[in-house]
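Below is one structure, written out as C-alpha cells; comments come after it.
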Amino acid sequence: MKTLKELFRIGRGPSSSHTMAPSRAAGFFKVRHSNAVSYEATLYGSLAATGKGHFTDLAIIQTLAPQPVNIIWKPEITMDYHPNAIKLTAFDSGGGELGSSVFYSTGGGTLVEEDAADTTPDCYPFKSMQEIMDYCRQEGIPLWEVVKRFDDPDIMEYLEEILDCMELSVERGLLCDGVLPGGLNLARKSRNVYLKAIALREDIRRTGLLSAYAYAAAEENASLGIVATAPTCGSCGVLPAVMRYCRESRNLCRTEQIHSLAIAGLIGNLVKQNGSISGAEVGCQGEIGVACAMASAATAAIFGGTVPQIEYAAEIGLEHFLGLTCDPVLGLVQIPCIERNAIAANRAIIAAEMALLSDGTHFVSFDAVVQTMLQTGRDMPSLYRETSSGGLSVFSLRKN
C-alpha cells in the first residue's frame with residue numbers, strides 16, 4: 001500500500017476524479033511542454049459524460065492558462081484501463097504537434113500516466129485487513145500504530161493538516177447560505193439544519209448535528225471550495241462530520257483525533273489497493289460506501305473498540321452500501337451526493353455501535369466485502385457508474 005498522503009489530499013472541489021486529477025495532469029503536461037502556444041484536451045468516458053457538471057473543462061483551462069485550450073468531449077469512447085481518461089496535446093505557433101500524453105484519473109485524485117512506470121514506493125508490507133490484524137495481535141499494538149510504524153516519518157504531522165482542512169470545510173460550510181453553483185438552484189441547508197439541531201431534544205440531536213456537519217463540508221465541495229478527499233471529494237463530508245461530532249460529544253484531545261484519522265486512512269487505503277474508490281469504475285459504493293467504512297472504523301476506535309471490533313465496524317459501514325449507483329443529476333456533485341454524505345455519517349455511528357455491541361466476531365470479513373464491492377461495480381452497467389445516463393439523473397430530469 002502507498003502512503004496515506006496518496007489517499008488524503010487537499011484540493012478544490014467538486015470532484016477529485018474530475019477536477020483535481022485533470023488539473024494535476026494539465027500541470028504536469030504544461031511543465032513538460034512549457035513552450036507550447038496552445039493545447040488540446042480530449043476527455044473520454046466518464047470524464048466527458050459528467051465533465052461539464054464537475055467543471056473538468058474549467059480546471060484544465062485554468063491550469064493551462066494563459067495559453068488557449070480546445071476541449072473535445074468523447075463520452076462514447078471508454079478506454080480499457082479506466083473510464084476516466086484524458087489526452088493532452090501541445091502545439092507550436094504553426095499548429096504543429098509538440099507532443100501528447102494520456103492520463104487516467106483512477107479515483108481520489110490519483111493520476112496514472114499511460115505507459116509510465118509507477119514511481120511511488122509502497123510503505124506498507126500488508127495486502128489485506130487480515131494481515132494487518134494479525135500483525136497488531138502479534139505485536140500487541142493498536143491500529144493507528146501501524147500507520148506510525150510504516151508510513152512516512154512525517155505522516156502524523158500530515159494528518160494534522162488534513163484534520164485542520166476537514167474542520168475548516170465544516171466551519172466554512174456552516175457559515176454560508178445561498179444557492180450552490182451549477183444550474184440546479186439547490187439551496188445550501190447545512191446552517192439551517194445546524195440551527196434546528198442544537199434546539200432539538202438530545203435523542204434526535206445527533207442526527208441533526210451529523211447531517212449539518214456532513215452537509216457543510218459537502219456543500220463547500222459543491223461550491224468549488226477547499227476540501228480533503230476522504231476518500232474522494234464527492235464523499236468528503238462523511239468523515240469530517242463524524243470526527244467533529246465525536247470531538248464535541250466525547251471531548252476528544254488532538255492526539256485521539258489524529259489516531260482515529262490514521263485508522264480511517266488504513267481502511268480507505270485497503271479499499272484503494274484491493275478494490276476501488278472511483279465512482280466511474282464501481283459506482284457510489286466506492287465513494288460514499290468507503291467513506292462510511294472509514295468513518296465507522298474511526299468511530300469504533302474512538303469508542304474504545306478492539307481491533308476486531310474496528311474491522312467489524314468498517315465491514316458493516318461498507319457492506320450496506322453495496323451496489324450503490326453513481327447517478328448525479330446534471331453531472332453535479334449535489335443531488336443525490338450531498339444528502340448521501342449526511343446519511344453515511346449517521347450510518348457510520350450506528351455501524352460502530354453495532355460492532356461494539358458484539359465481541360468483534362462476524363461471518364463476512366472486511367476483505368471479503370471489498371472484493372464483493374469491486375465485483376459488484378464491474379457487473380454494474382456503465383449508465384449507473386458516473387455517466388449521468390441512468391438512475392436518478394435521468395429520472396429526475398424526465399420528471400422535471
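The values are calculated or read from the model by the stated rules, or taken from the named source; none is laboratory data. Since the model is a prediction, treat every value here as computed from it, not as a measurement. All Cβ positions, even for glycine, are placed from backbone atoms using ideal geometry, and neighbour counts span all protein chains on display. Remember, those area values only see protein heavy atoms, side chains included, never the ligands or the DNA or RNA. Shrake-Rupley method; radii C 1.70, N 1.55, O 1.52, S 1.80 Å.
Computed quantities for the displayed model
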| item | result |
| --- | --- |
| Residue in the stretch 37-57 that is farther than 29 Å from residue 264 by Cα, hydrophobic (A, V, I, L, M, F, W, C), open to solvent by less than 50 Å² (accessible area, probe 1.4 Å) and assigned to a loop (DSSP other than H, G, I, E, B) present | no |
| Residues of the stretch 301-355 that turn out to be under 20 Å from the mean Cα position of the chain (by Cα) and outside any helix (DSSP H, G or I), as a count | 14 |
| Where a residue in the stretch 106-117 is at pLDDT 90 or above and of a type in the set (Asp, Glu) and its partner, wherever it lies, is surrounded by 12 or more Cβ atoms within 10 Å (Cβ to Cβ) and in a loop (DSSP other than H, G, I, E, B), with Cβ under 8 Å and at least six apart | 114/81 |
| Looking only at the stretch 290-325, and only at residues there that are β-branched (Val, Ile, Thr) and closer than 15 Å to residue 143 by Cα, the one that is surrounded by the fewest Cβ atoms within 10 Å (Cβ to Cβ) | 306 |
| Residues being buried (at least 16 other Cβ atoms within 10 Å of the Cβ) and either modelled with pLDDT under 95 or part of a loop (DSSP other than H, G, I, E, B) (or both) - total across the stretch 363-378 | 1 |
| Qualifying residue in the stretch 173-181 (condition: at pLDDT below 95, open to solvent by 20 Å² or more (accessible area, probe 1.4 Å), under 24 Å from residue 108 (Cα atoms) and touching a strand residue (DSSP E or B) at 6+ places or on another chain (Cβ under 7 Å)) | no |
| Among the residues listed as 296, 358, 388, the single one being part of a loop (DSSP other than H, G, I, E, B) and in contact with a Gly (Cβ under 7 Å, 6 or more places away or on another chain) | 388 |
| Odd one out for residue 177, checked against (1) under 16 Å from residue 341 (Cβ atoms); (2) charged (D, E, K, R); (3) free of Cβ contacts under 8 Å to residues at least 24 places away in the same chain | (1) |
| Total residues in the stretch 1-22, condition touching a strand residue (DSSP E or B) at 6+ places or on another chain (Cβ under 8 Å), of a type in the set (Ser, Thr, Tyr) and within 26 Å of residue 154 (Cβ to Cβ) | 1 |
| Matching residues in the stretch 124-170 - criterion: being open to solvent by 80 Å² or more (accessible area, probe 1.4 Å), charged (D, E, K, R) and touching a residue at least 24 places away in the same chain (Cβ under 8 Å) | 127, 137, 148, 161 |
| Residue in the stretch 182-195 that is loosely packed, with under 12 Cβ neighbours inside 10 Å, polar (S, T, N, Q), more than 27 Å from residue 257 (Cβ to Cβ) and out of contact with any Cys (no Cβ under 8 Å at 6 or more places or on another chain) present | yes |
| Residue count for the stretch 231-257, restricted to those that are open to solvent by less than 10 Å² (accessible area, probe 1.4 Å) and either β-branched (Val, Ile, Thr) or not in a helix (DSSP H, G or I) (or both) | 8 |
| Residue in the stretch 63-98 that is least open to solvent (accessible area, probe 1.4 Å), counting only those that are assigned to a loop (DSSP other than H, G, I, E, B) and touching an Asp or Glu at 6+ places or on another chain (Cβ under 9 Å) | 82 |
| Pair list, Cβ under 6 Å, 6 or more apart: the stretch 1-28 residue assigned to a loop (DSSP other than H, G, I, E, B), other residue at pLDDT 95 or above and among the hydroxyl-bearing types (Ser, Thr, Tyr) | 1/124; 9/229 |
| Condition met for residue 63 (of a type in the set (S, T, N, Q), closer than 21 Å to residue 14 by Cβ and out of contact with any Gly (no Cβ under 6 Å at 6 or more places or on another chain)) | no |
